[in-house]
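Q: The structure is given below, and queries will be raised subsequently.
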Amino acid sequence: MPRTNFLYHTEAVGISGHISLPVQDTIPLQASIASAVGPGHGKVRVENFRHLDYLEAGSVESHVVSSFSDKDKAYGTLSSVVIDGLSTLHVVTCDRLMTRLTSKHDAGAQGSFILHGTHFDNLRIAGHKIDVDLAVGLFSDLSTWDKLNNAYENDPSVRKELDALALFPKKSDKLPTHNGLFACTLARIPKKLPHGMSHAPEHGIYVPHFGTIYPAHYYITATSRRLHMLHIDLGCSVEGCNSYGSSGANGSQLPGN
């Protein structure tokens, strides 16, 4: 294989986390895979995963691709995670969770990142189906750093929606970033939740005597994207945190190429 002219970086992790009560145990990373610096691809699959009595999944599959397209004259990456039959304490369940994050890097242009295919199938919390509308189309339209910033500064309707999805409040008329990072959620959580549940800070859903569920947190910089599809902070007789479906991508061309 010839020396690459582009430094690829794509990663996918199916499940991670730990339990701190009533026992202490760290979940070994499940279906974790990353690309090499050069082009390549790989897939890893875990069947019938169970961690103690708190977490289970029928299957977990992660897939990464890094490649150069002669047709498009562009470098590309793919990171995806598919989890079927997910359950945390039988309180949060999901028939299927899927992340799909792709990137395209044209010579001399900013990286473009697309989320099409990212979704939940039948996400339920405490037996109630929660219809989370993901802003996949919005962020796929705003696929580059410049598009995101230009839309925020010049389109009031986009600015209003991005402010509503941001994890941290804005401090100026610019995109609300911290150390060059815009942190947000893709999830438009229903305003009215089932009785007993409530909205929590940073776009979470709080369930008493269980914990807080955070769907689809998305982290954006000028050169990278990271998607955290589902995170659960347990806060009850069972404490800990679990994460499901993490995808990341970025890359950079070497000087002189």
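Q: Return the only residue of Val37, Val46, Val23 being in a strand (DSSP E or B) and β-branched (Val, Ile, Thr). Give the steps one after another, and end with the answer.
A: Values: Val37 fails: in a strand (DSSP E or B); Val23 fails: in a strand (DSSP E or B).
Selected residue: Val46, the only one of Val37, Val46, Val23 that is in a strand (DSSP E or B) and β-branched (Val, Ile, Thr).
Q: Quick one: would you say Leu21 is within 19 Å of Leu234 (Cβ to Cβ), in contact (Cβ under 8 Å) with a residue 40 or more places away in the chain, among the hydrophobic types (A, V, I, L, M, F, W, C) and surrounded by fewer than 16 Cβ atoms within 10 Å (Cβ to Cβ)?
A: On the way: within 19 Å of Leu234 (Cβ to Cβ): yes; in contact (Cβ under 8 Å) with a residue 40 or more places away in the chain: yes; among the hydrophobic types (A, V, I, L, M, F, W, C): yes; surrounded by fewer than 16 Cβ atoms within 10 Å (Cβ to Cβ): yes.
When the stated conditions are applied, Leu21 passes them.
Q: Those residues that are crowded, with 17+ Cβ neighbours inside 10 Å and assigned to a helix (DSSP H, G or I), I need them from region 162-192; list them, please. First the steps, then the outcome.
A: Step one: of region 162-192, the residues crowded, with 17+ Cβ neighbours inside 10 Å are 162, 165-167, 175-177, 182-189.
Within region 162-192, Leu162, Leu165 qualify.
Q: Report whether or not Ala151 is small (Gly, Ala, Ser), surrounded by 14 or more Cβ atoms within 10 Å (Cβ to Cβ) and touching a residue at least 24 places away in the same chain (Cβ under 8 Å). Write out each step before concluding.
A: On the way: small (Gly, Ala, Ser): yes; surrounded by 14 or more Cβ atoms within 10 Å (Cβ to Cβ): yes; touching a residue at least 24 places away in the same chain (Cβ under 8 Å): no.
Taking the combined requirement at face value, the residue does not satisfy it.
Q: Related question: Looking only at region 193-201, decide whether some residue is surrounded by 16 or more Cβ atoms within 10 Å (Cβ to Cβ) and outside any loop (DSSP other than H, G, I, E, B).
A: Going through region 193-201, the residues surrounded by 16 or more Cβ atoms within 10 Å (Cβ to Cβ) turn out to be 193, 197, 200.
Subsequent filtering for residues that are outside any loop (DSSP other than H, G, I, E, B) retains 200.
Within region 193-201, one or more residues are surrounded by 16 or more Cβ atoms within 10 Å (Cβ to Cβ) and outside any loop (DSSP other than H, G, I, E, B).
Q: Being farther than 27 Å from Gly76 by Cα and buried (at least 16 other Cβ atoms within 10 Å of the Cβ) is the filter; apply it to region 125-148 and report the residue that is nearest to the chain's Cα centre (by Cα).
A: Once the filter is applied, the top-ranked residue is Val132.
Q: May I ask you to verify whether Ala222 is among the hydrophobic types (A, V, I, L, M, F, W, C), at pLDDT below 95 and not in a strand (DSSP E or B)? Give the derivation first.
A: On the way: among the hydrophobic types (A, V, I, L, M, F, W, C): yes; at pLDDT below 95: yes; not in a strand (DSSP E or B): yes.
For Ala222, the condition - among the hydrophobic types (A, V, I, L, M, F, W, C), at pLDDT below 95 and not in a strand (DSSP E or B) - is met.
Q: Also: What's the number of the condition Thr4 fails, among (1) crowded, with 16+ Cβ neighbours inside 10 Å; (2) of a type in the set (Val, Ile, Thr); (3) modelled with pLDDT of 95 or more?
A: Every listed condition holds for Thr4 apart from (3).
Q: To continue, here is another question. Take Leu138 and decide whether it is in contact with a helix residue (DSSP H, G or I) (Cβ under 6 Å, 6 or more places away or on another chain), of a type outside the set (D, E, K, R) and modelled with pLDDT of 95 or more. Can you show your working first?
A: Numbers: in contact with a helix residue (DSSP H, G or I) (Cβ under 6 Å, 6 or more places away or on another chain): no; of a type outside the set (D, E, K, R): yes; modelled with pLDDT of 95 or more: yes.
No.
Q: Please list, ordered by first then second residue, the pairs with beta carbon atoms under 7 Å, 6 or more apart or interchain, first in region 44-55 and surrounded by 15 or more Cβ atoms within 10 Å (Cβ to Cβ), second in a loop (DSSP other than H, G, I, E, B).
A: Tyr54/Leu89; Tyr54/Val238
Q: With touching a strand residue (DSSP E or B) at 6+ places or on another chain (Cβ under 7 Å), hydroxyl-bearing (Ser, Thr, Tyr) and modelled with pLDDT of 95 or more as the only criterion, which of Ser69, Ser62, Ser35 stands out? Let's see the steps before the verdict.
A: Working: Ser69 fails: modelled with pLDDT of 95 or more; Ser35 fails: modelled with pLDDT of 95 or more.
The match here is Ser62.
The values are calculated or read from the model by the stated rules, or taken from the named source; none is laboratory data. The model shown is predicted, which means the values in this text are computed figures rather than measured ones. Virtual Cβ from ideal backbone geometry, glycine too; neighbours counted across all protein chains shown.
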